[in-house]
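Remarks on the structure that follows.
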Amino acid sequence: MIVGYARVSSSSQSLEVQHEQLEAAGCEKIFAEKRSGRTVEGRDALADALDFVREGDVLAVTRLDRLARSVVDLHRLIERLNAKGCGFRVLQQSGIDTTTSTGKLTLSILGAVAEFEADIRRDRQRDGIERAKARGVYRGRKPSIDTARIETLMAAGMAPAAIAREMGVGRASVYRHMGKAGAE
């Protein structure tokens, strides 16, 4: 049996294209989720797919980065599949099929290259942020709460829990602001 796994990083993205490709490849069951791929932690559909596959099954994904973004995670997942007697196939990178020796080699090489590219992208992003900060252009994320409003509500005698409800934020955010205000 071919079992599919589809993943996109955010809820605004669509799984439809991956789902269609997996169905066209003969997947009888498809597990899908909208979660970041930086780690395998918290990816419930992936865990379910790995639990579901049985000896002789093949887990298929459309692209390698849909399964894992690090070589360590990739190899752990492949080891888990191997221990169950299952294969792994990447549809858009046809050389990756762990049921063949060449596929295993290709998987290792492409996994290392993908991790290298992710590291370079992160480094470039960090460099760009540092340059923007040096020019005074980048100031980081805008505050998620209006601290002046918290102070106004506190001055009016409102309790922190009531302020949090009123503003639609967590109590911890209100307490954090109170701690900063008290330290000043």
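The values are calculated or read from the model by the stated rules, or taken from the named source; none is laboratory data. Here the structure is a predicted model, which means the values were calculated and not measured. Here Cβ is always computed from backbone atoms with ideal geometry, including for glycine, and neighbour counts include all displayed protein chains.
For residue 161, indicate whether it is hydrophobic (A, V, I, L, M, F, W, C), touching a Lys or Arg at 6+ places or on another chain (Cβ under 8 Å) and modelled with pLDDT under 75.
When the stated conditions are applied, residue 161 does not pass them.
With region 1-97 as the region, which strands (runs of 3 or more DSSP E) entirely inside it contain at least 3 residues that are surrounded by 13 or more Cβ atoms within 10 Å (Cβ to Cβ) and among the charged types (D, E, K, R)?
29-34
Among the candidates 15, 46, which residue alone is over 15 Å from residue 81 (Cβ atoms), at pLDDT below 95 and out of contact with any Lys or Arg (no Cβ under 6 Å at 6 or more places or on another chain)?
15
Pairs needed: first member in region 125-148, free of Cβ contacts under 8 Å to residues at least 24 places away in the same chain; second member anywhere, assigned to a helix (DSSP H, G or I); C-beta distance under 7 Å; at least 6 residues apart or different chains.
From residues that are free of Cβ contacts under 8 Å to residues at least 24 places away in the same chain, the pairs are 138/129; 138/132.
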